[in-house]
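Worksheet: the structure to be examined is printed underneath.
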């Protein structure tokens, strides 16, 4: 495994292996399943295995002493040499592309797992087998998905060897999962998930059985947490924590983590204390809801809920305005007539909803006037270091989301990283950054004479 700081390329091989075998109710079923998986391991180690590099004319036979359809790619070629054969994505403006390139991580080389098809030998006579006992035919697709992190100057032949080994190991891991969750002749499809773990573990793959929820896999995760020396009080290996590759787009349309595209403020001796993990940006006018002028706290709450969802703490969807209002009614905080209204909510209501819908507790920080926020650097820094959750701040008729602070312990200077829910435009990252809808703000950003309440959500203690 190559450490992420040295990694320039992620090779990813995907494809389907067909699992098929005849099972009966005898004690030999487990042995039959294992023999079928052994044949699949032999298949990925055979000379018929072919890697087809996506968006390129390159075909590679990794088990044929490294043969390639491109003559210039030889056993001694570096991994980076393959990049010149991959077609670039020309969609979007040049300006957007430059912005995108600046923040993407390692280059992802996608490959398809294929197999040569040969005609059966003409001299071989067909054979017939008569089965006396009743058998059950089991067929299912095995969704292979292997990754290898590597430097671009590494030998390409060695990289392919590593991918073949990863494929073989993944077949073995799938066998273990299939056997563990087998009920007679009923088998669950094993599904691979990739996780970016702290060094030195790096990018690793875990196999989970399809159809079994995360709530029933805690014992498995506990073993993995011990294996990789992961924290015992926060989710790292739930499906929601799976690594998202730089070339994979989110399908729900929301922007993720726009703050990563900002440069840090220029404050001498200042340290950055930022939100940990992934959140989605919720703001006015999304979801076909016209909440311009009254929904800013609802949107900040949605951003916080998205954080808990995307860190794997909860599996519930981000609540709508109506669901937020109903939660306040159910908690006894509002009258039934509140549902469907356009009434504002504040930090206290955000605290109530988080507890009602997600079981999340929050601390409330009271500030009698905005000018006092400049003195809260240590408390805010401690929150982002220990909890790492977005903070909702409400004052007067406005609500915002605080994603971090830049704070100098020596001078006391501070800047606040603000995600503004009052934005009414489309999901245009460049506009959001350039116009300051997500940006660093000084103490003058706050109304110096208005009071503020801050809702600081606390992490749940779970894996």
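Values quoted throughout were computed directly from the atomic coordinates according to the rules given, and no laboratory measurement underlies them. Quick caveat: nothing in here was measured; it's all calculated off a predicted structure. All Cβ positions, even for glycine, are placed from backbone atoms using ideal geometry, and neighbour counts span all protein chains on display.
General observations
- Order of 429, 357 under a 10 Å beta carbon neighbour criterion, fewest first: 429, 357
- Relative contact order [Cα under 8 Å, 6+ residues apart], the chain, whole percent: 16 percent
- Cβ-to-Cβ counts within 10 Å put 247, 233 in ascending order as 233, 247, the fewest first.
- Angle between the chain longest axis and helix 218-227 axis [Cα atoms, degrees, rounded to 10]: 80 degrees
- Reducing segment 337-398 and segment 234-312 to their Cα centroids gives an inter-centroid distance of 16 Å.
- Estimated from helices alone, the mean residue ellipticity of the chain at 222 nm is -7500 deg cm²/dmol (sum of -39500 (n - 2.57) over DSSP H runs with n ≥ 4, per residue).
- Centroid-to-centroid, using Cα positions, segment 405-457 and segment 11-57 are 53 Å apart.
- The angle between the Cα long axis of helix 321-330 and the main principal axis of the chain comes to about 70°, on a 0 to 90 degree scale.
- Once the Cα gyration tensor of the chain is diagonalised, semi-axes √(5λ) in Å: 49, 28, 19
- Sorting the segments 381-387, 159-165 by their mean number of nearby beta carbons within 10 angstrom, highest to lowest, gives 159-165, 381-387.
- Between segment 317-333 and segment 137-201, the alpha-carbon centres lie 42 Å apart.
- C-alpha long axis of helix 29-44 to longest principal axis of the chain, angle in °: 90 degrees
- Taking only the Cα atoms of segment 276-320, the radius of gyration and Dmax are 10.8, 32 Å.
- Efficiency of FRET between residue 65 and residue 219 - r from beta-carbon atoms, R0 30 angstrom, step 0.05: 0.10
- Additional length obtainable on full extension of the chain from residue 451 to residue 422, 0.36 nm per residue less Cα span: 8.5 nm
- Residues 365, 174 in ascending order of nearby Cβ atoms (within 10 Å, fewest first): 365, 174.
- Global geometry of segment 325-463, whether rounded, prolate or oblate, following the gyration tensor of its Cα atoms and the 1.5 cut on a/c: prolate
- Three-way shape label, segment 237-319, alpha-carbon gyration tensor, a/c 1.5: oblate
- The order of the peptides 146-155, 75-84 by mean Cβ neighbours within 10 Å, most packed first, is 146-155, 75-84.
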